[in-house]
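The values are calculated or read from the model by the stated rules, or taken from the named source; none is laboratory data. Note that the structure is a prediction, hence the values are computed from the model and not measured. Every residue, glycine among them, receives a Cβ derived from its backbone with ideal geometry; neighbour counts consider all protein chains shown.
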Amino acid sequence: MPVMSGKGVIGRVVEVNSTTSKVELITTTDKSTNKFAVEADAANGKKVHGVISVEGNNQLAFTQVVDGQKLKKGTRVYTSGMGGLSPKGLLIGTVTKTTRDTFGLSDVVEIQPAGNLNDPSVVSVIKRKVEE
């Protein structure tokens, strides 16, 4: 389940105990974890889909953007709801910079997180509504 602090997603619940829960931050560098599927509106109005990861400089990034759509600085990035791990429309952050990946195959879009990752004193856990 996604965890939000302030204005945006900061992570997800990975373990639940009787009185506590363990939250994995969205900035985790663990390659084995499930990533958040995200989307944003390109300059031409089309939806751009990708996943959130952390690049080598510990920068949150929207990666695997392969459809040639360009995202402008300041564009908001939201969860897409794909994959069933989180509901659609939760704010992740805003685009700060776009570059090509090291192979030149896709764009890497750097994101400034909307949520407070450094000192989340109050958080909300978001439960996805199960459709019948």
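Please verify whether the range 95-113 includes one or more residues that are part of a loop (DSSP other than H, G, I, E, B) and touching a Leu at 6+ places or on another chain (Cβ under 8 Å).
No, every residue in the range 95-113 fails to be part of a loop (DSSP other than H, G, I, E, B) and touching a Leu at 6+ places or on another chain (Cβ under 8 Å).
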* Asked: Here are some conditions: (1) touching a Leu at 6+ places or on another chain (Cβ under 9 Å); (2) at pLDDT 85 or above. His49 meets all but one. Which one does it not meet?
  -> (1)
* Asked: How many residues does the range 69-84 hold that are loosely packed, with under 15 Cβ neighbours inside 10 Å and touching a residue at least 40 places away in the same chain (Cβ under 8 Å)?
  -> 3
* For Ser86, indicate whether it is in contact with a Pro (Cβ under 8 Å, 6 or more places away or on another chain) and either assigned to a loop (DSSP other than H, G, I, E, B) or modelled with pLDDT under 80 (or both). => yes
* **Answer from Thr33, Thr79, Thr29, Thr63 - the residue that is at pLDDT 80 or above and among the hydroxyl-bearing types (Ser, Thr, Tyr)** => Thr79
* Asked: How many of the residues making up the range 85-130 are without any contact (Cβ under 8 Å) to a residue 60 or more places away in the chain and among the basic types (Lys, Arg)?
  -> 4
